[in-house]
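Enquirer: Let me begin by handing over the structure; questions about it come next.
The values are calculated or read from the model by the stated rules, or taken from the named source; none is laboratory data. Quantities reported herein were computed from a predicted structural model and do not represent experimental measurements. Virtual Cβ from ideal backbone geometry, glycine too; neighbours counted across all protein chains shown. The area values use the complete protein model at the heavy-atom level, side chains included, leaving out ligands, DNA and RNA. Shrake-Rupley method; radii C 1.70, N 1.55, O 1.52, S 1.80 Å.
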Amino acid sequence: MTRVLKVNPKAIVFNESSGLPQISDPQTEQALNEAAKVLKTTNDPVAFPTETVYGLGASALNTDAVLNIYKAKNRPADNPLILHVSSRSQLERILKVKIPPIYLPLLDKFWPGPLTILLPVPTNTNISSACTVGQSTFAVRLPSNPVARALIAISDLPLAAPSANRSTRPSPTQAQHVYHDLEGKISIILDGGASDVGVESTVVDGLSNPPVLLRPGGVSFEDIIAAGKEPWKNLVVAKANTGKNEIARAPGMKYKHYSPTAPVLLFENYTNNEQDIKSIVKIVKDVAENTHIKEGTTPTIGILRTRRIGTQLATALKSVHEFTVIDKCIGSSGAEISHNLFASFRDMDIAQADLILIEGISETEEGLAVMNRVSKAASHTFNKNLI
Ligand code: TXA
Ligand code: MG
């Protein structure tokens, strides 16, 4: 049985000198203690909120528990996991690593927060090989969500935690998303409300020269260049795909990811003018005709629009009489769009959309992380500038 335990992030305050949280709400304290006990005394993973997305965590020092994460998610076991710590001193004390100086300006600025760094795996390490899967580096971050941080501090365990979705599904940004995907497979979900950021952490490799941005996420490329000293000014973005037999250098490079059930059509550089709306309607008609949609039903088209496309697209699609349309604006700022993206994909599944149309945004600031997820979810991309 899967239990959802409510916790209140606002009732948790960190004492930076002791590294331990003070918790003013008894229900929150009890839930955290119970979850920490499960992590310390069993091999069951626990789901918990972070500022990026919900994670499914287990002690990074316990191989059986880590293997149960892969099992619950149905995740390929050659995809390494991110470790989560509650302080830099916990990282150094338990995992016996020294943080290379190149990272310090970034950690000063972005920890706690949505930045993951790669560190060399120490010789004779206590980190389970189920986390590192043969890599000579491991990934680690210090989350800012008070619930995540308190759980790690109370259990005093570095937690290996991928996103708490079933493999290939969009990452969960609410407890109910985790429940939907993993009900019956895990025993506890801590429900601390919606994740702020909504996309996963940024993963950087500062051990190679020049440093590499392996996965765009909650901290932007521009922010890293601005905060990092000299070597970070040469930051390069990893290429988006690896072959089947290569070891994935970055998350999601090798596997299908973030997909709702319905095919996603990505529209780039389209605007709200009549001509553009007409072209989109024509494309949607063509795709709908060639997509297997249950006979006798009217196709449902979900629209996730952002900055340029308005309600006119829904009106135009509805005038094609066989379409039912669900129209949603997922935000105009990068922060809003990131926050809403995965939840909107899931909402479209619940509404049983047959096709999902999404409006692309420019790949600057939060847009790089958003478009990285959107392109992976998309089965077709239509770029007006390339037609
Ligand atoms: O925001 C996040 O990072 C969330 C929350 C729960 O903290 N976690 C997350 O984990 O997104 P996951 O497992 O879905 O993504 C981790 C990715 C893996 O796909 C893997 O490719 C990459 O991090 N990774 C882990 N260790 C690595 C390593 N040593 N070298 C390169 N990439 C690594
Ligand atoms: Mg994931």
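Enquirer: Using a 1.4 Å probe, how large is the accessible area of residue 71, given in Å² and rounded to the nearest 10?
Expert: Surface accessible to solvent at residue 71 totals approximately 150 Å².
Enquirer: Let me ask something else. As an exercise, find the ratio Rg/Rh for the stretch 286-325 from alpha-carbon atoms, using the Kirkwood inverse-distance average for Rh.
Expert: 1.00
Enquirer: Follow-up. Using only Cα atoms, figure out Rg for the stretch 1-119 and give it as a multiple of 2.2 N^0.38 Å.
Expert: Cα Rg divided by the expected 2.2 N^0.38 Å: 1.15.
Enquirer: Still on this structure, I have one more. Got a sec? Which residues in the stretch 56-86 would a label at residue 37 touch, if it sits 7 Å along Cα→Cβ and we count backbone N under 18 Å?
Expert: 59
Enquirer: Could you give the size of the charge dipole of the stretch 341-387 about its Cα centre, using +1 on the Cβ of each K and R and -1 on the Cβ of each D and E, expressed in debye and rounded to the nearest 20?
Expert: Dipole of the stretch 341-387, to the nearest 20 debye: 140 debye.
Enquirer: On a 1.4 Å probe surface of the protein chains, which of 336, 183 comes out largest in accessible area, and what is the full order?
Expert: Heavy-atom accessible area, descending, gives 183, 336.
Enquirer: Label points 7 Å out from Cα along the Cβ direction at residue 129 and residue 13: separation in nm?
Expert: Using points 7 Å along Cα→Cβ, the separation is 4.7 nm.
Enquirer: A further question follows. In nm, to one decimal, how far is the modelled label at residue 278 from the one at residue 92, with both set 7 Å along Cα→Cβ?
Expert: 6.7 nm
Enquirer: Give me the angle, in degrees from 0 to 90, between the Cα long axis of helix 366-377 and the longest principal axis of the Cα atoms of the chain, rounded to the nearest 10.
Expert: The angle comes out near 70 degrees.
Enquirer: How tilted is helix 334-350 with respect to the longest principal axis of the chain? Cα atoms for both, answer in degrees (0 to 90, nearest 10).
Expert: Value to nearest ten degrees: 70.
Enquirer: To the nearest 500 deg cm²/dmol, what mean residue ellipticity at 222 nm is calculated for the chain from DSSP H runs of n ≥ 4 alone, each contributing -39,500 (n - 2.57), summed and divided by the residues?
Expert: When only DSSP H runs of four or more count, the value is -9500 deg cm²/dmol.
Enquirer: Specify the angular offset, from 0 to 90 degrees and rounded to the nearest 10, of the alpha carbon long axis of helix 274-290 from the longest principal axis of the alpha carbons in the chain.
Expert: 80 degrees
Enquirer: Starting from 0.36 nm per residue, how many nanometres of slack lie between residue 364 and residue 321 once their C-alpha separation is accounted for?
Expert: 11.7 nm
Enquirer: Turning to a different aspect of this structure: Provide the FRET efficiency to the nearest 0.05 for the residue 74-residue 99 pair, computing r from the beta carbons and using R0 = 22 Å.
Expert: After rounding to 0.05, the efficiency reads 0.05.
Enquirer: Here's another thing I want to ask about it. Students sometimes get this wrong: rank 232, 111 by accessible area, probe 1.4 Å, all chains present, largest first.
Expert: So, going from the largest accessible area down, we get 111, 232.
Enquirer: Enter the accessible area of residue 173 (Å², nearest 10), with the probe set to 1.4 Å and all protein chains included.
Expert: Here the residue's solvent-accessible area equals roughly 0 Å².
Enquirer: Ok, one more. With a sphere of radius 13 Å drawn around the Cβ of residue 345, what net charge do the other residues whose Cβ falls strictly inside it have (Lys, Arg +1; Asp, Glu -1)?
Expert: Once positives and negatives cancel, what remains is +2.
Enquirer: Another question, if that's okay. Placing unit charges on C-beta atoms (Lys and Arg positive, Asp and Glu negative, everything else neutral), compute the dipole magnitude of the chain about its Cα centre in debye, rounded to 20.
Expert: 640 debye
Enquirer: Okay, moving on. Please list, by residue number, every one of the GluC sites (Glu not before Pro) in the stretch 4-76 that is coil in DSSP and has at most 16 other beta-carbon atoms within 10 Å.
Expert: 16
Enquirer: Give the long-range amide H neighbours of residue 20: residues separated by 5 or more places, or on another chain, with amide H under 5 Å away, using H modelled in the peptide plane at 1.01 Å from N.
Expert: 15
Enquirer: Specify the residue with the greatest mean-square fluctuation among 280, 356, 152, computed from a Gaussian network of the chain linking alpha-carbon atoms under 10 Å apart.
Expert: Result: 280 has the largest fluctuation of those listed.
Enquirer: Would you mind checking the radius of gyration and Dmax of the chain based on alpha-carbon positions, in Å?
Expert: For the chain, the Cα radius of gyration and maximum Cα-Cα distance read 21.5, 66 Å.
Enquirer: Also, I was wondering about something else. Just reorder 64, 354, 205, 223 by solvent-accessible area, largest first, 1.4 Å probe, all chains present.
Expert: Of 64, 354, 205, 223, the descending order of accessible area is 64, 223, 354, 205.
Enquirer: Right, another one. Taking 0.36 nm per residue of separation and subtracting the Cα-Cα distance, what length does fully extending residue 67 through residue 311 add?
Expert: Result for the pair: 83.2 nm of gain on full extension.
Enquirer: Leaving out same-chain residues fewer than 8 places away, which lysines sit with a Cα under 24 Å from that of residue 10?
Expert: Output for residue 10: 37, 109.
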